[in-house]
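Where a number appears in this text, it was derived from the coordinates with a stated rule and is not lab data. Note that the structure is predicted; figures quoted are calculated from it, not measured. Here the Cβ is made from the backbone with ideal geometry for all residues, glycine too, and neighbour counts use every protein chain on show.
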Amino acid sequence: MAVKKVILLVIDGMDAVNFTMSDTPVMSGIHGRTAVGVAHTEIIGAGAALTPIAHAMMGTGSPDVVAARPGLENTGKCYNYFGEVVETVGDVARTAGLATAAVGKNEAAVVLGGTERLAFCRLEKEGINASDDALLVQEILKILGAMEEGILVATYGGVDLAGHRKAVSDLIRAVEKADQMVGVILKEIDLSETMLIIAADHGTNPITGRHNTSPTPLCLISGEICGRVNLGVVHNLEIAATITGALGLRPPVRAVGRDLGNLAQKVACGETIEQDYQSELNRQLADFYRRQPRRHELVPGPRRSQ
Ligand SMILES: [Zn+2]
């Protein structure tokens, strides 16, 4: 599968429960070009740093990343635990001469290695209201019209915002608005040259008003997919390899997991390979953690004389 453009639409806070409370015909695949999975996000704890880290995982395909939300003082680069910059899908794309674009919440740029080298940047820090679905669609379509080849990451904030406010009906409406956004985008793009990936960084529970670690939906929409393919349990780490696989690029150096577009095609062809893929992901993750250096030994300081 080789397409010219990949759109990654991150619906901040849309966990599997928020998704199923709402009416989402487009993301659920009424058009017959969808592969859906339930994604594991592997994020422990919930706090201010969670959303940028979740976006970094999507862009690097690596579980040991940290990132700060881009703003006045940060560009949103992804680092490993030792402070080394980690390659993202954005870096891979730019090296191959493709453009990168970020729209909506500032953390969208984290997926692409930060704001420094983006060809198009329409984020909150440029004055964009990331909860305004109509505005986001307008910005996304404008960029797609100007971008020949590349990756566009957009993060919509409406669902997360309603969740934090404990506004259940607003949250349901925001998920439905996200679905309508996807519908408008689909009408404007040619699925033979553009793949659309819809994912979420984490769930936001509208009863507690807090982030959670519930599974999140992951949808791939592509001209190569026929019908509605069930991907089963997937991982948000696999988004990196899926984006680069769709564009015919190599995955980021530290990426683990599977190319889900490739998996969708195999499942659609009736191949019973799910078990192999699942064990391959588990093998890669176990290998990754085994290779991680142990925590630095603490060097004892001079003893205080008594
Ligand atoms: Zn939030």
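Couple of notes before you dig in:
- Label zone of ALA167 (point 7 Å out along Cα→Cβ, amide N under 15 Å): in the stretch 200-215 this covers 206-207, 209.
- Using a simple spin-label model with pseudo-atoms 7 Å out from Cα toward Cβ, GLU148 and THR95 lie 2.2 nm apart.
- Cross-link pairs exceeding 24 Å between alpha carbons, from the set LYS77/LYS266; LYS77/LYS125; LYS105/LYS266; LYS142/LYS166; LYS4/LYS266: LYS77/LYS266; LYS105/LYS266; LYS142/LYS166.
- Candidates ASN18, ASN205, ASN262: whichever shows maximal mean-square fluctuation once the chain is modelled as a Gaussian network with Cα springs under 10 Å: ASN262
- Proxy reagent accessibility, fewest Cβ within 10 Å first, across SER214, SER62: SER214, SER62
- Across the chain, C-alpha contacts under 8 Å between residues 6 or more apart give a mean separation that, scaled by the residue count, equals a relative contact order of 30 percent.
- Among LEU196, VAL86, GLY13 - extreme Cα towards positive end, dipole of the chain, charges at beta-carbon: VAL86
- For the stretch 156-183 and the stretch 96-122, distance of Cα centres in Å: 23
- Residue exposure sequence - VAL256, VAL233 - by fewest surrounding Cβ within 10 Å: VAL233, VAL256
- Residue-span extension gain [GLN138 to ALA2] - 0.36 nm each, minus C-alpha spacing: 46.4 nm
- On full extension, the segment bounded by PHE82 and GLN284 gains 70.6 nm, given 0.36 nm per residue less the C-alpha separation.
- Taken as entire DSSP H runs, the helices of the chain that both span 24 Å or more between Cα atoms along their own long axis and average -0.5 or more on the Kyte-Doolittle scale are 168-188.
- The chain - mean residue ellipticity at 222 nm from DSSP helices (-39,500 (n - 2.57) per run, n ≥ 4, rounded to 500): -10000 deg cm²/dmol
- Ordered by the number of other Cβ atoms lying within 10 Å of each residue's own Cβ, fewest first, CYS121, CYS219 fall into the sequence CYS121, CYS219.
- Under the convention that each Lys and Arg Cβ holds +1 and each Asp and Glu Cβ holds -1, the size of the dipole of the stretch 5-291 around its Cα centre is about 260 debye.
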